[in-house]
Amino acid sequence: MTAITDMPDAPRAARRPQIGNPVLRWLRKNLFSSIPNGILTIVLLAILAKGIFSFLQWGIANAVWLTPANDSSACKAARGLGACWAIIPEKYRFILFGTYPFDEQWRPALAVLLFIALYYLSTRRALWRRELVYLWIGALALISVLMWGGVFGLSFVSQDRWGGLPVTLILATFGLAFGFPLGILVALGRRSKLPAIRSLSVLYVELIRGVPLVSLLFMASVMFPLFMPSGFNIDKLLRAQIAIILFAGAYLAEVIRGGLQAVPRGQYEAADALGLSYWRKHRLIVLPQAIRHVIPPLVNTFIAFFKDTSLVLIIGIFDLLTTAKTAIIDPAWQQFSVEVYIFVAAIYFVFCFAMSRYSRSLEASTASR
Amino acid sequence: MTADHPRPPPRRRFFALGRNELKGLFWQVLVVGIAVGVIAFLWSNTVTNLSARRITTGFAFLGREAGMPIADSLLAYNPRDTYLWAFVVGIANTLRVAVIGIVLATVLGTLIGVSRLSANWLLSRLAAVYVETLRDIPLLLQLLFWYVLMQALPAARAAWRPVEGVFLSNRGLILPAIPFGPPQLWVLGAAVLGLAVFYIIRRRLIAQQMRDGKPRPAWPFALGLIVALPAAVSLVLGVSWTIEWPQLRGFNFVGGLTLAPEYFALLIALVTYTSAFIAEIVRSGIQSVPRGQWDAANALGLRRSFMLRQIILPQALRVIVPPMTSQYLNLTKNSSLAVAIGYQDVVSVANTTLNQTGQAIEAIALIMAVFLTISLSISFFMNWYNARIALVER
């Protein structure tokens, strides 16, 4: 959290003598610095206390935590008074893994853990080396083997049975893994002095950014089959993935373009003086600096993008949000959708919050250099 | 963007073109060739597929009867109307949620952003929690959440009444309203005219004050043009301003203004979600004003409201306006999530059209055209505003 205390805010009262209990002093400075401020504090405390109290009453005290399998009568009895958390143990495997064969669900679970380990390792700056790329390629291959199976004695599971958290992570990860290089190419294209390449890049970025992602997804789900030669049918998940890659590419291109603009001209001139070719100049000199400049906005784009993968719900792909929505169609549990949404929101929150924390720490460490 | 940097003039060789130009030409021909090739390939496939499925292309279907119901709309509509009119109604619905959403999100976001900077620790912490929570949960999930909550509200007969005349039930939010017709429109027109004239007069007054330094109060003009003029028109035309109070009759409400649950859920989700981003923009904008400006204003003994309005905000706005533009665009584009809960915005209408007629290309082209137009208008307006408030440098 940034230090809120040293904001250039309102006139701070002249420094009072530092006497008395430090707790009281803190209270006086931060909560009761003036009469209106004191009133505000009391009003806020009252609202907060009431909010927390009713939430605790609903979410903990009156909540139903466990029921016998497939029996929601206890929850129905507590309806309106307390939460029905029992729906989570009842449905969590469906929410997390969708219709993946029940006995094989350790495989997507392992894939999720692999993804998380991969993200964690990628945040370690000491590991930012070429080997990390090989690690990524190896891990993604391993994840594909786990998800599809069909080799090493694993039974084959077709893509239309995948669902839940692994699908969300796949859409996001592959979207970024392919969208990022695409974004770099488009950003370079947009700054190229070759007019045809420049206009194509501008057209691509503006067209994609000007329309909602929903319409791109519709396009992927409805128009893709029209685009392809007859008899050639690509999977629904892959079509959505392509739309997401194109979408990510356009947004990342704009962020990277910002970084390219921040690289001083002298760096280009020095690279030219060394006689480096266009690609070597950018790969060795310009891009590393440009990307370092825009790490915080890049992470923010990643977060936005991770959340946006949930839009595939609209074209009926079983990502985490879709499985959550499907889980509550079950008539016995229909009335307890709020609890399920809170559970899924918590999962999304953990991922996004971790990323935003990481972005903050990166910002702090790049600023200090 | 133009060229990266100047290159040394290429050495003229045997050819008229230097090595770099040849290389550039080669790359351009290659890339354009690939692009044209891909498009031609997709195009020919599409033409083949369309003829195989007996789908005629073109916008002729727009004149046919739509037959789709649109429950909640500003403009009069019935299923016998044409697809064209259904699209217009959808566009009006998109604009209705986007315009009101932008206004509310700006107000709420500014409040939260200023709260985050408050000297009151509790207030600033609460604002921070609000921002962090809303930013890290997908908008679609929030939208579904609000929609479920709306449906869980009591039935019309047991509606909540937070204030007299306001009902909240699973039929949506029902507010008292003033019936609006041509007579009221005349009064509104007078008010708009008065505002425009007042704006011109105020500019004159400020220009005069700039010349001789004498302050000239503008409020008498404001009173005359914005208050007295519409009031006079209202009196002369004898417009009635009775408020229509909604009433429960049988199983439903009569009178008043109804915000359908779909619309209300979409509006809440868009406003709260976008306000979290706007709050961060406002906060960083205010923080970007150098500390010395606050100190100087304090040293002059200016009142806090005057200081904020005349010194801090004009400087903060320069930082705030460009990212704010993208938030407005995001809100507008995000309103397309309406399709998930069945509010019929332009995307939802296009989707239904697409399913009914199979005119996929035309329907998606219409969505894209509408959003590109809206996006370009918002950017155009915000760029104009940005240019107006930008720092004039020597």
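The values are calculated or read from the model by the stated rules, or taken from the named source; none is laboratory data. In this text the structure is predicted, and so the values were computed from the model without any measurement. A quick note on method: Cβ atoms are made from the backbone with ideal geometry, for glycine too, and the neighbour counts reach across all protein chains shown. Note: areas computed on protein heavy atoms with side chains; ligands, DNA, RNA excluded. Shrake-Rupley method; radii C 1.70, N 1.55, O 1.52, S 1.80 Å.
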Hey, could you check segment B:114-141 for residues that are assigned to a loop (DSSP other than H, G, I, E, B) and free of Cβ contacts under 8 Å to residues at least 40 places away in the same chain and say which is farthest from the other protein chains (Cβ to nearest Cβ)? B:S118
Determine whether segment A:135-142 contains at least one residue that is open to solvent by less than 80 Å² (accessible area, probe 1.4 Å), aliphatic (A, V, I, L, M) and in contact (Cβ under 8 Å) with a residue 24 or more places away in the chain. yes
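Can you name the residue in segment A:207-246 that is among the charged types (D, E, K, R), touching a residue at least 40 places away in the same chain (Cβ under 8 Å) and under 18 Å from A:D319 (Cβ atoms) and is also farthest from the other protein chains (Cβ to nearest Cβ) among such residues?
Once the filter is applied, the top-ranked residue is A:D235.
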Would you pick out the residues in segment B:201-220 that are part of a helix (DSSP H, G or I) and surrounded by 11 or more Cβ atoms within 10 Å (Cβ to Cβ)? B:I201, B:R202, B:R203, B:R204, B:L205, B:I206, B:Q208, B:Q209
I'm checking my understanding of the structure. Among residues of segment A:261-305 that are polar (S, T, N, Q) and closer than 30 Å to B:I137 by Cβ, which one is least open to solvent (accessible area, probe 1.4 Å)? A:T301
Filter pass, B:A297 being farther than 28 Å from A:V214 by Cα, buried (at least 19 other Cβ atoms within 10 Å of the Cβ) and not hydroxyl-bearing (S, T, Y): yes
B:S275 is checked against (1) open to solvent by 30 Å² or more (accessible area, probe 1.4 Å); (2) under 30 Å from B:G109 (Cβ atoms) and fails just one. What number does that condition carry? (1)
When only residues in segment A:183-201 that are hydrophobic (A, V, I, L, M, F, W, C) and open to solvent by 50 Å² or more (accessible area, probe 1.4 Å) count, which is nearest to the other protein chains (Cβ to nearest Cβ)? A:L200
Determine, yes or no, whether B:R80 is more than 10 Å from chain A (Cβ to nearest Cβ) and either assigned to a helix (DSSP H, G or I) or modelled with pLDDT under 80 (or both). no
Test result for A:A177, over 26 Å from A:A290 (Cα atoms), out of contact with any strand residue (DSSP E or B) (no Cβ under 6 Å at 6 or more places or on another chain) and not in a loop (DSSP other than H, G, I, E, B): no
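Within segment B:336-348, is there a residue that is among the polar types (S, T, N, Q) and either in contact with a strand residue (DSSP E or B) (Cβ under 7 Å, 6 or more places away or on another chain) or closer than 17 Å to A:L217 by Cβ (or both)? Don't jump to the end; show me each part of the working.
Taking segment B:336-348 first, the residues among the polar types (S, T, N, Q) are B:336, B:344, B:348.
Still in the running and either in contact with a strand residue (DSSP E or B) (Cβ under 7 Å, 6 or more places away or on another chain) or closer than 17 Å to A:L217 by Cβ (or both): B:336, B:348.
Checking segment B:336-348: at least one residue is among the polar types (S, T, N, Q) and either in contact with a strand residue (DSSP E or B) (Cβ under 7 Å, 6 or more places away or on another chain) or closer than 17 Å to A:L217 by Cβ (or both).
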Starting from residues that are touching a residue at least 12 places away in the same chain (Cβ under 8 Å) and open to solvent by 60 Å² or more (accessible area, probe 1.4 Å), keep the ones in segment B:150-169 and report whichever is farthest from B:G101 (Cα to Cα). B:R157
Report those strands (runs of 3 or more DSSP E) wholly inside segment B:222-296 carrying at least 2 residues which are under 30 Å from B:E164 (Cα atoms) and not hydrophobic (A, V, I, L, M, F, W, C). B:247-249
Which ones in segment A:319-369 are open to solvent by 50 Å² or more (accessible area, probe 1.4 Å), in a helix (DSSP H, G or I) and farther than 24 Å from A:P166 by Cβ? A:P331, A:Q334, A:Q335, A:R360, A:S361, A:E363, A:A364, A:A367
Do we have A:I256 as in contact (Cβ under 8 Å) with a residue 60 or more places away in the chain and either in a helix (DSSP H, G or I) or under 16 Å from A:G183 (Cβ atoms) (or both) here? yes
Residue count for segment A:283-314, restricted to those that are part of a helix (DSSP H, G or I) and more than 10 Å from chain B (Cβ to nearest Cβ): 18
Which listed residue is in contact with a strand residue (DSSP E or B) (Cβ under 6 Å, 6 or more places away or on another chain) and under 27 Å from B:S336 (Cα atoms), from A:V299, A:V312: A:V312
